[in-house]
Each structure stands twice: as C-alpha cells, then as structure tokens.
Amino acid sequence: MLSSFVCLVAAVALVTAQCTNPTLRREWAELSATEKSAYVAAVVAIGNRPQSFQYVDPTQMSGRDFAYTHSVVATWAHMNAEFLVYHRAMLHKYEQALSAEGWTGGLVYLDEAGYYNNWMTTTSPRDLFNSEYFGGVTTPDVETCLPDGQFSQASGFMVLDSGGVSKCLSRCGDPTSAMWSAQNIADMLAGVTNYDVTENPTGGDYQTSIDASDSSNFHAAGHIVMGSSACDVGNFYWSPRDPLFFLHHAYVDKIFWKWQNLCPSYAEEYEGNLQNGVDPYNSAGGNGQVATLDIPLDSWSGLTPRDVISTSTGILCYTYSQSAGDIAFTHPQCSDGSTPNYNPYGKVDVNASPIIVSPTPTAATAETNATATSSATTSPAIDTVSDNWVTNALILLVAQTGQGFSFTSKPAVVVERDVAPPTPTPTPTPIPVYRAATTTADPTTNITTVTVICGANTDVYTLPAGYVLHRATCTRIVVKPEGFVFDYNVGISALEEKPFVIFAKSMCDIDVEIAKEEEDAAATATATATDDGDADELPVCPRFLTDEEAQAFHLNVCLVKRGNRRLKKKCRVA
C-alpha cells in the first residue's frame, strides 16, 4: 500500500511537470463574438468578488486583490530583474481566476504593435473598446468615470480606491498617440541578447536587454497611451484596477516569450539584481542582491522565478498565437551555433471543442496548469465522495504543497511562506552598503538636499519643493509629498501627487542626456533638409514618456531618454 502511495505521488509530480497540450493565448480579434462576451463576463465576475486579502488561491482572489498587492509591491516588482517574472506569475494567477469563473480560453492579449497608431478601434473584429466590451476612454481627468462598456459606473463595476473604499474606473487615454510599431518591436528583438541591463551612465542600453522593457516606451507606452498617468491603467501603483492591464501585460509577456524562444540559451536566462533596500514584503528579496531563480517572488507566496521562467515546464503550459504585429526580423546566430527560432507560435486547433463557458464557477486546481489544453475544457472539481477520491486528494495535495498552497482569512499583504526560501547565490561583486542619509534645509534658499553615503560613494540630491525623503538607497532616493501617507492596510494615499524616484547623478546625469538630445535634434534637422522622401516610409513615432511620467513610474530617466533617442532615428513624428 505504501509503495503504491509513493508511486502515485511520484507519478502525479511527474505529470504536473509536463506540458503536452499547451493553452493557446490569443489576440482579442481572434475571439468570436460569443467568446468575447464570455471573457468579459468572467472579468466582471472577478471584479465583483469580495476582496480576499490573500494571494495564493486565485479561485478566491478578486480584482481588488490583484490591484492591491501590485500597489504595495510596485517599487519592488519594477526596474529590477523581477519585473518580467513577477508579472508572468501575476498573469498565471489571473488566468486561473478566469478559469474559475468559467472562461477556459486562456489569457487574451492586445496586439499593440499591430494596431500601434489606431489602437482604439470599435469595429469588429478589432472591437475591444466597443461599448459592448471594454468601453472607450474619457477626458484626462481622474475624476471622470469610464462612460460606457461593461466596466463603466453605469454598469455597476467598481474598483478599489487607495483609501480602501470603492470608486469608478477611469481611463483617460489618447487615441491620437501611437504605441510601438511592429517594426520598432522587431528592431528591438533583433538586438536583444541578454535578459538584464546594468544601469550605468555609459553602458546601460535597453536595446540589448529584454527586461529593460520596463524602462522603454514598449512597456510604459501601453500604460500611458491607453490610460494616461492621471487615470487607472496609467497609474504606476494601481494599474491593475483596469482590466486592460491584463491584455497589455499579456502582450508584454508575449514579447518576452518570443525572445525566450529565439535561442536555447535564452529559455531560462535570468540575471541582474533585485531592488535596493529592505523589501518589507519579502525577507528573501531586495537588498540589491544578484537575482537567482530560487529567490521567492513578491506577492505570489510559494512561487519563485524558476516556477515561471519557462512556459512549457513547471507550472506553466501555454503558447501565443501569431498576430499582425509579428513581422520578420534578423537576430544574431545563437551561442550554440543554431539558427534563431522565428516561428514559435501556437496554432488554433480547428478540431478543438468550442470554448466552454460554465454557468457557475468551477474550482480551479491551484498550481497544476501544466497540462492545460488548447481546447481549454474545464478540469473537474475535486469530488470527495467519488470512487476516485484518494487519487484526486493526492493530486490536489501534491499540487498544493509543492507550491506552498495555503489559505488565510486574515488581512495581509503577502501570505506567510510555509517553506524556507533557499539560500541565495552569493554576490560575486560586493554591493556598497548604505550607511547614512542626511537631510539639510537651507533657510536662505529654501532648498533641501539629501546626502547619501554608500560605501565610499557620496551622492547629493536636491528635493523638489513640497517633497520630503521617503527612502534612500545606494543608487536612488524615493521622495514623497509632505503629508503623504502609505498605509499598508489600505494602500497608497489618495493625494494626487505620488512618490517618485530620483537617481544618483553617477547613475543618471540629466544634463548629459539633454545635451545628447540637442545634438541628435540638430542632426535630424540637417538630415530632414536633405531628405529624399525615405523618411515618409518610417513608422510613426510612439508616444514618448515625459521626464515627469518616467519619474512617476520610478523609471531611470536617462535610460528612457537613451531609448527615445535611439527610437527617434527609426520613426517619424506624425
């Protein structure tokens, strides 16, 4: 009996690690009208769930849970190595939440490159912003509610406000602004040869790093163009309030997935550093340490980058469809001598059963998505009175304990992990230790400076008027408005002004970047004067982030400016 038990457990563990029939994540326009309505209905149902205050069981998580946990770990899940894998884990949780509400067709993405300069269309099949589905946009006013669609105030859809109360959804995007074009994305993928980039004044270049899309217009443009920093999807902390967030980040994940599939060495490449400072939500994270696949992720208790770095092993099993934004490009030969894989796309199975939309939610198995199907039929719920109850219980037991599955009704930012995290790989190069931060106010000029001593380095920052120091690290400080309150039980202060980051001058010298911008502008003016018409064939430039928007998103303004300068050479102003 014991041997049978052991064999069964081993067999279950083996099965959960296989990916034989991956879920196909499709673009919105690929869905039928019935599927679109079913997807939106499932999203509405997630939004209407009560807040569960836990981040382990996605069958119980509400839209408020996703928005809240993102808001409190935002500075730890962006601008460092965790960015892509954190959001991939978040998408996985959301996909499971959708399944529990009857939508078994996998995550849906918006092909932003395919629609880059006319993204807000309402005509079928590109009708995402139709009043039947996601609705349109409003004026750039955070107080204006979404006027139509299934997520409008009139429909009864509400989101979690920063004070712990409900509010209507706002979306003040700019339909005249463009996102990254298919050619822009192709040019980026052609040059990306590593996962992470080190921020430094001369060597930092997002075009060689897939993770640094966090610093480029590619990721940020989706937020800003569709939502503006004044409204929900463009809010650095609270962007998951708007269900558009998940279509946008599914697209970001698709680009990451495409890059991973180019070369064998990219498949599980994970490098760089975590955020500086003490992460209050993850005792194993932060501290600027070298990132490893086994350091637990923020928010998603029990999950590590190793669990989600691959979409075909571990707990993940999915692929993406090919869409209009997927155009040809040439990538360097892979390090093993193989030719890059330019065709990783999944195909629609014409013989598959139609998407099943359950009339009532079904409990999804927590982290056993490794055998999901492209036809996406719902897995049967555990039936404790059936003849197979022992097998079913063991399957659930292995799935739950393997990923630290636990439940809690106690409000908490992150559920306590039930397993000790592995010891991180030692840092090969010692990171300077933060020693002191001194704030000095000059009564004559009313200028306040912050001096940060970190190892042998000293950096001096000037605080903007009306702002005070929130946190100091070795490479940057975060400032906040006077009177700003960050209550970890309810989220961010309702003040319109938000904390933003200022990088050390050794990391980002704005004066140097501005001088380079002026040089490029002069060169462009000269080239335009002798243009023979070729410039008209270039794609329209995407919406570039302003310095203020980059700071609000805690991005390195210098990296953003470098990316913009490079991009401007390959696009034209509309």
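Observations on the model:
- The number of residues in segment 266-297 that are under 16 Å from the mean Cα position of the chain (by Cα) and at pLDDT 95 or above comes to 1.
- Screening segment 105-124 for residues that are of a type outside the set (A, V, I, L, M), at pLDDT 95 or above and farther than 16 Å from ALA221 by Cβ and picking the one that is surrounded by the fewest Cβ atoms within 10 Å (Cβ to Cβ) gives GLY105.
- Residue selected from segment 48-64 under the condition of a type outside the set (S, T, N, Q) and out of contact with any Pro (no Cβ under 9 Å at 6 or more places or on another chain), by the criterion nearest to PHE553 (Cα to Cα): TYR55
- Answer residue from segment 165-178, given it is part of a loop (DSSP other than H, G, I, E, B) and open to solvent by 40 Å² or more (accessible area, probe 1.4 Å) and is farthest from VAL540 (Cα to Cα) among those: VAL165
- Positions within segment 308-325 being open to solvent by 30 Å² or more (accessible area, probe 1.4 Å) and either more than 25 Å from GLN18 (Cα to Cα) or at pLDDT 95 or above (or both), in sequence order: GLN322, ALA324
- Filter result (farther than 20 Å from ILE255 by Cβ and either outside any loop (DSSP other than H, G, I, E, B) or open to solvent by 40 Å² or more (accessible area, probe 1.4 Å) (or both)) within segment 18-34: GLN18, THR20, ASN21, SER32, ALA33, THR34
The rows are residues; the columns are (1) modelled with pLDDT of 80 or more; (2) small (Gly, Ala, Ser); (3) open to solvent by less than 50 Å² (accessible area, probe 1.4 Å); (4) farther than 24 Å from ASN80 by Cβ.
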| site | (1), (2), (3), (4) |
| --- | --- |
| ASP442 | yes, no, no, yes |
| PHE503 | no, no, yes, no |
| ALA523 | no, yes, no, yes |
| THR530 | no, no, no, yes |
| ALA552 | no, yes, yes, no |
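- For segment 89-122, a tally of residues being within 23 Å of PHE53 (Cβ to Cβ) and not hydroxyl-bearing (Ser, Thr, Tyr) returns 11.
- All positions within segment 181-197 that are assigned to a loop (DSSP other than H, G, I, E, B) and open to solvent by 10 Å² or more (accessible area, probe 1.4 Å): THR193, ASP196, VAL197
- Looking across segment 48-64 at every residue that is in contact with a Leu (Cβ under 9 Å, 6 or more places away or on another chain) and either open to solvent by 10 Å² or more (accessible area, probe 1.4 Å) or assigned to a helix (DSSP H, G or I) (or both), the one that is farthest from GLY288 (Cα to Cα) is identified as GLN51.
- Applying the criterion of being at pLDDT below 85 and outside any strand (DSSP E or B) to the residues of segment 447-467, the residue that is surrounded by the fewest Cβ atoms within 10 Å (Cβ to Cβ) is ALA456.
- Of residues in segment 273-291 being hydrophobic (A, V, I, L, M, F, W, C) and in contact (Cβ under 8 Å) with a residue 60 or more places away in the chain, the one surrounded by the fewest Cβ atoms within 10 Å (Cβ to Cβ): VAL290
- Contacts under 8 angstrom Cβ, first residue in segment 307-324 being within 15 Å of ASP111 (Cα to Cα), partner among the β-branched types (Val, Ile, Thr) and open to solvent by 30 Å² or more (accessible area, probe 1.4 Å), 6 or more apart: SER321/VAL348
The values are calculated or read from the model by the stated rules, or taken from the named source; none is laboratory data. Computed from a predicted model, the values in this text were never measured in an experiment. Counting neighbours? That spans all protein chains shown, and the Cβs are built from the backbone with ideal geometry, glycine included. Protein only, heavy atoms only, side chains kept; ligands, DNA and RNA dropped before computing areas. Shrake-Rupley method; radii C 1.70, N 1.55, O 1.52, S 1.80 Å.
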